[in-house]
Amino acid sequence: MIFPTPIALDELLKLLNRVVKVVGEPKGPVKGLNEYHSVQEGELTFADCDKYYRKVLESKASFVMLNKEMESYPEDKVVIISEDPLLDYLDVVHHYVDFHPQTQPIHPDAQIGEGTVIQPLVFIGEDVKIGKNCIIHSNVSIYGHAIIGDNVVIHSNTTIGGDACYFQKRPDRWVKFDSCGRVEIGNNVEIGCSCCIDRGVSGTTFIGDGTVFDNFVQIGHDTHIGKRVLLGAQCGIAGCSFIDDDCKIWAKASVNSNVYMAKNTVLYALSAVDKNIQEEGRTLFGVPADDVQKKWKEMAYQRNLSTLFEEVALLKKELESRK
């Protein structure tokens with residue numbers, strides 16, 4: 001999330017409730033906040049466990065909140081030691097993002113391009129931008145700050161920009177990472193019925209030009225879907241994944257979080273990817289997904305296992321009878 005106006009470090013500290021210590025001198029104002037994997041220079045990020053300390057300190061962030069002191073810090077960063085960096089991070093989010101009840105189905109601030117058709121019972125939130133010659137079918141909900149390009153078709157009951165499913169477990173409750181990002185959809189995209197595209201936690205969930213969705217597709221927060229991607233019915237792409245151009249992901253397939261899928265990858269139905277696919281043009285199948293010919297051979301071997309066990313048992317009896 002980029003702040004409307006950059007703020008000085010002193011202004012940022014006034015928004016926090018748990019600051020213990022500040023290390024380093026700022027080289028400029030705080031421009032916004034983001035998660036470690038997409039944070040940029042001038043922005044704020046945080047970490048509150050061993051898994052992420054090094055990642056945030058090696059990120060592009062200029063301002064970092066931690067709940068643990070280190071022996072040394074990068075010279076290009078201001079480090080804020082806090083008792084609870086997540087809650088402090090959320091204090092900043094809540095200062096800039098708040099829920100505003102809406103009494104009209106289409107917010108007066110929404111920008112809708114020439115030739116776009118909005119069917120009855122559509123909800124469009126504040127600061128939404130929709131391009132030219134789109135068709136938004138009935139019962140579609142487009143949450144605030146979404147950007148939709150030209151010639152986009154969104155079918156009934158789809159939700160664009162719902163909050164990310166992103167929670168931290170505490171002993172007494174789940175703490176929600178309140179979403180302050182958005183969804184951006186390119187040109188010539190078609191989205192089927194009852195799909196859900198979550199907005200970024202702090203960045204952008206992106207759908208590239210020419211991509212097409214079947215029905216009941218789920219796209220997680222901060223995920224990048226490239227150009228001309230095909231997504232089959234009931235497939236799910238977890239948060240922070242990157243699906244490159246011209247991929248085909250067929251029905252009920254799934255992609256784990258933080259996974260990269262190279263261009264022209266084909267993922268067959270009912271398959272699941274849990275690791276990066278770096279080589280372009282592969283066709284994958286199975287759980288976990290692997291090259292389709294290899295998986296089909298494995299399935300053929302599995303079908304023959306019962307016969308193999310019977311043959312081994314007979315050989316064992318024959319050997320024992322010869323003793």
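Of all residues in the stretch 167-211, those being within 19 Å of V229 (Cβ to Cβ), crowded, with 21+ Cβ neighbours inside 10 Å and either of a type in the set (S, T, N, Q) or outside the structural domain of C134 (by TED's automatic domain parsing) (or both) number 2.
The strands (runs of 3 or more DSSP E) found wholly in the stretch 15-57 include none carrying at least 2 residues that are without any contact (Cβ under 8 Å) to a residue 12 or more places away in the chain. Residues that are farther than 16 Å from L230 by Cα and of a type outside the set (G, A, S) within the stretch 247-259 comprise N256, N258, V259, listed in sequence order. Within the stretch 61-86, can you find the residues that are surrounded by fewer than 17 Cβ atoms within 10 Å (Cβ to Cβ) and at pLDDT 95 or above? Result: no residue meets the conditions. Mind counting the residues in the stretch 117-152 that are assigned to a loop (DSSP other than H, G, I, E, B) and within 19 Å of C195 (Cβ to Cβ)? Residues flagged as assigned to a loop (DSSP other than H, G, I, E, B) and within 19 Å of C195 (Cβ to Cβ) within the stretch 117-152 amount to 18. Tell me, yes or no, whether the stretch 296-312 has at least one residue that is in contact (Cβ under 8 Å) with a residue 24 or more places away in the chain and either exposed (fewer than 11 other Cβ atoms within 10 Å of the Cβ) or out of contact with any Leu (no Cβ under 6 Å at 6 or more places or on another chain) (or both). The answer is no; no qualifying residue exists.
Test V19 against the criterion of being modelled with pLDDT of 95 or more and not polar (S, T, N, Q), and give yes or no. So V19 does not fit the description; no.
If you go through the stretch 237-252 one residue at a time, do you hit one that is surrounded by fewer than 24 Cβ atoms within 10 Å (Cβ to Cβ) and either closer than 24 Å to L121 by Cα or touching a helix residue (DSSP H, G or I) at 6+ places or on another chain (Cβ under 7 Å) (or both)? The answer is no, given that none of the residues of the stretch 237-252 is surrounded by fewer than 24 Cβ atoms within 10 Å (Cβ to Cβ) and either closer than 24 Å to L121 by Cα or touching a helix residue (DSSP H, G or I) at 6+ places or on another chain (Cβ under 7 Å) (or both).
The values are calculated or read from the model by the stated rules, or taken from the named source; none is laboratory data. Quick caveat, the model's predicted, so the values are computed rather than measured. Methodologically, a virtual Cβ is constructed for each residue, glycine included, from the backbone with ideal geometry; neighbour enumeration extends over all protein chains shown.
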